[in-house]
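A.B. asks: Below is the structure I would like to discuss, written out as structure tokens.
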Amino acid sequence: VQLQASGGGLVQAGGSLRLSCAASGRTFSSCGAGWFRQNPGKEREFVAAISWNGGRRYYADFVKGRFTISRDNAKNTVNLQMNNLKSEDTAVYYCAASTVAGTTQNLPEYDYWGQGTLVTVSS
């Protein structure tokens with residue numbers, strides 16, 4: 001599975017962005033998927049995850065109520081809608097896929113990673 005993230009950019013606090021992750025490989029539809037983020041000098045942290053069929057979703061506490069993860073297996077895409085963005089959401093965002101079909105926040109359980117897309121939120 002190969003992943004390509006896009007949609008990052010500069011936005012003012014309170015604004016919205018939609019990240020997309022395009023996947024190639026016929027096994028993607030059976031994989032769990034997630035989004036992580038990372039800032040320089042810090043560990044990569046979990047943001048959101050979705051099960052293989054979209055039936056289960058799981059979010060980090062700091063994005064609950066603001067971010068929504070979704071997927072379209074017909075198009076091999078996973079999206080992250082980010083609303084009410086805060087300056088602390090500034091980071092490089094990575095999409096990932098896991099052979100664990102459910103949702104997982106554990107980074108080592110993700111087998112495939114995209115290249116990252118930068119989100120900058122100005123206050």
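The values are calculated or read from the model by the stated rules, or taken from the named source; none is laboratory data. These figures come from a predicted structure and were not determined experimentally. Because the Cβ atoms are built from the backbone with ideal geometry, glycine has one as well, and the counts that use them run over all protein chains shown. Surface areas here come from the heavy atoms of the whole protein model, side chains and all, with no ligands, DNA or RNA. Shrake-Rupley method; radii C 1.70, N 1.55, O 1.52, S 1.80 Å.
A.B. asks: What single numbered condition from (1) part of a loop (DSSP other than H, G, I, E, B); (2) open to solvent by 60 Å² or more (accessible area, probe 1.4 Å); (3) touching a Gly at 6+ places or on another chain (Cβ under 6 Å) fails to hold for L118?
C.D. replies: Result: L118 passes all but (1).
A.B. asks: Mind listing just one residue for me: the one in segment 56-80 that is in a loop (DSSP other than H, G, I, E, B) and of a type in the set (A, V, I, L, M, F, W, C) and, of those, least open to solvent (accessible area, probe 1.4 Å)? Spell out the reasoning first.
C.D. replies: Residues of segment 56-80 in a loop (DSSP other than H, G, I, E, B): 56, 60, 64-66, 73-76.
Applying the additional criterion that residues be of a type in the set (A, V, I, L, M, F, W, C) yields 60, 74.
Values: A60: 12, A74: 100 Å².
In this case the residue turns out to be A60.
A.B. asks: Further, regarding this structure: Could you tell me whether F46 is surrounded by fewer than 17 Cβ atoms within 10 Å (Cβ to Cβ) and outside any loop (DSSP other than H, G, I, E, B)? Even if it seems obvious, please write down each step before you answer.
C.D. replies: Working: surrounded by fewer than 17 Cβ atoms within 10 Å (Cβ to Cβ): no; outside any loop (DSSP other than H, G, I, E, B): yes.
Criteria not met by F46.
A.B. asks: Out of all the residues in segment 81-111, which are within 26 Å of R26 (Cβ to Cβ) and buried (at least 21 other Cβ atoms within 10 Å of the Cβ)?
C.D. replies: Those that are within 26 Å of R26 (Cβ to Cβ) and buried (at least 21 other Cβ atoms within 10 Å of the Cβ): Y93, Y94, C95, A96, A97, S98, Y110.
A.B. asks: Right, something else. Looking only at segment 81-90, which residues are closer than 16 Å to D61 by Cβ and either hydroxyl-bearing (S, T, Y) or part of a strand (DSSP E or B) (or both)?
C.D. replies: M82
A.B. asks: Pull out all pairs, ordered by first then second residue, where Cβ-Cβ is under 8 Å, the residues are six or more apart or on different chains, the first lies in segment 79-92 and is under 13 Å from T117 (Cα atoms), and the second is assigned to a strand (DSSP E or B) and of a type in the set (D, E).
C.D. replies: N79/D72
A.B. asks: A further question on this structure: Which number in (1) in contact with a Gly (Cβ under 8 Å, 6 or more places away or on another chain); (2) open to solvent by less than 40 Å² (accessible area, probe 1.4 Å) marks the one condition that W52 misses?
C.D. replies: Of everything listed in (1) in contact with a Gly (Cβ under 8 Å, 6 or more places away or on another chain); (2) open to solvent by less than 40 Å² (accessible area, probe 1.4 Å), W52 misses just condition (2).
A.B. asks: Every residue in segment 63-111 that is aliphatic (A, V, I, L, M), under 14 Å from G34 (Cβ atoms) and touching a Leu at 6+ places or on another chain (Cβ under 8 Å), please. Reasoning before the result, please.
C.D. replies: Filtering segment 63-111 for residues aliphatic (A, V, I, L, M) gives 63, 69, 74, 78, 80, 82, 85, 91-92, 96-97, 100-101, 107.
Still in the running and under 14 Å from G34 (Cβ atoms): 63, 69, 78, 80, 96-97, 100-101, 107.
Residues satisfying the conditions are I69, L80, A96, A97.
A.B. asks: Right, another one. Do you know which of the residues in segment 26-43 that are touching a residue at least 12 places away in the same chain (Cβ under 8 Å), in a loop (DSSP other than H, G, I, E, B) and of a type outside the set (V, I, T) is farthest from C95 (Cα to Cα)? Even if it seems obvious, please write down each step before you answer.
C.D. replies: Here is the first cut: in segment 26-43, the ones touching a residue at least 12 places away in the same chain (Cβ under 8 Å) are 27-39.
Subset that is in a loop (DSSP other than H, G, I, E, B): 27, 31, 39.
Those still in the list that are of a type outside the set (V, I, T) too: 31, 39.
Numbers: C31: 12, N39: 15 Å.
Per the criteria, the residue is N39.
A.B. asks: Could you tell me which numbered condition A13 fails, if it satisfies all but one of (1) within 20 Å of V1 (Cβ to Cβ); (2) in contact (Cβ under 8 Å) with a residue 60 or more places away in the chain?
C.D. replies: Only one criterion in (1) within 20 Å of V1 (Cβ to Cβ); (2) in contact (Cβ under 8 Å) with a residue 60 or more places away in the chain is unmet by A13, namely (1).
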